[in-house]
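**Student:** Below is the structure I would like to discuss, written out as structure tokens.
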Amino acid sequence: MATLAYAYASQWGYNGLVDNSNWFASYGPQAGHQTLTGSLVVALPWGIQLSGITSFQSAAPFEPDLAGVDLNGNGSVEVLGMNVLGGSPLPGGGFNQFGVGKGKADLIQLVDAFNQNYAGKFLPGTQQTIPAITLPANFAFPRSFNSQDLRLTKIFRLHGERWKLTLLGECFNVLNIANLTDYNSALNAPNFGQATQRESNIFGTGGPRAFQFGSRVTF
């Protein structure tokens, strides 16, 4: 028996206060577009059952920002519940557009425009100059989530149908795909576009490859 489900969605909404002069400046994507899930159950010889599930989710949206740079001089910024004092989204890119609508070439173009139109000028109400942005040689946006899990099950029947002993072995993330998360979004940081964590499930979908063995008695 096998099932396969696919969904394409477009989820937009309010992502937090990012501009005190425009409360709706953060309106934009909130999730990736595509989800694919498949499952399979196969009866093998000697009463062994093989089951598996595969999960795929396209990349989540990403918002590059300028940490510690308040371009319009209107105070602190709150992005998805995290206060970033004096931070600003990259001008001209919309909000949360990267990874779902815009790519690296778009970011490079917007950074070039920023360096031409903003860098070297004074921040509003201060004598502090706006720094130019230098993108790292290598950077990335969040990537898709992908994991495959397998289970082998063997049932031993004891005392007829009343007692059953079930032995099972499981492998999570069989291909050991590194589902990286928490990419640094600060354009003026040397590690911009670098993942800082990996999916934390130990015995679950998406984490580092892990094996689990168990047994169950039913009566």
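**Student:** Name every residue in the stretch 147-164 that is part of a strand (DSSP E or B) and modelled with pLDDT under 90, in order of residue number.
**Tutor:** ILE155, PHE156, ARG157, LEU158, TRP163, LYS164 - these are the residues of the stretch 147-164 that are part of a strand (DSSP E or B) and modelled with pLDDT under 90.
**Student:** Considering (1) modelled with pLDDT of 90 or more; (2) within 28 Å of ALA178 (Cβ to Cβ); (3) in contact with a strand residue (DSSP E or B) (Cβ under 8 Å, 6 or more places away or on another chain), say which one TYR27 fails and leave the rest.
**Tutor:** Looking at each condition in turn, TYR27 falls short on (2).
**Student:** A follow-up question, please. Among the residues of the stretch 169-189, is there at least one that is of a type outside the set (Val, Ile, Thr) and within 17 Å of TRP46 (Cα to Cα)?
**Tutor:** Among the residues of the stretch 169-189, at least one is of a type outside the set (Val, Ile, Thr) and within 17 Å of TRP46 (Cα to Cα), which makes the answer yes.
**Student:** Scan the stretch 111-146 for residues that are under 30 Å from GLN34 (Cα atoms) and outside any loop (DSSP other than H, G, I, E, B) and jot them down.
**Tutor:** If the condition is that a residue be under 30 Å from GLN34 (Cα atoms) and outside any loop (DSSP other than H, G, I, E, B), then VAL111, PHE145, ASN146 are the ones that fit.
**Student:** Return the residue satisfying two criteria in turn: it lies in the stretch 115-134 and is under 32 Å from the mean Cα position of the chain (by Cα) and under 19 Å from ASN74 (Cα atoms), and of such residues it is surrounded by the fewest Cβ atoms within 10 Å (Cβ to Cβ).
**Tutor:** In this case the residue turns out to be ALA119.
**Student:** Further question on the same structure: Filter the stretch 43-57 down to residues that are over 15 Å from LEU167 (Cα atoms) and either surrounded by 16 or more Cβ atoms within 10 Å (Cβ to Cβ) or touching a residue at least 12 places away in the same chain (Cβ under 8 Å) (or both), then give me how many there are.
**Tutor:** 6
**Student:** Given the options SER21, SER10, SER26, name the one that is hydroxyl-bearing (Ser, Thr, Tyr), in contact (Cβ under 8 Å) with a residue 60 or more places away in the chain and out of contact with any Ser or Thr (no Cβ under 9 Å at 6 or more places or on another chain).
**Tutor:** Being hydroxyl-bearing (Ser, Thr, Tyr), in contact (Cβ under 8 Å) with a residue 60 or more places away in the chain and out of contact with any Ser or Thr (no Cβ under 9 Å at 6 or more places or on another chain) holds for just one of SER21, SER10, SER26, which is SER26.
**Student:** In this structure, is GLU161 surrounded by 13 or more Cβ atoms within 10 Å (Cβ to Cβ) and not polar (S, T, N, Q)?
**Tutor:** Answer is no for this residue.
The values are calculated or read from the model by the stated rules, or taken from the named source; none is laboratory data. Bear in mind the structure is a predicted one, so any value in this text is a computation, not a measurement. So basically every Cβ, Gly included, is an ideal-geometry build from the backbone, and we count neighbours across all protein chains shown.
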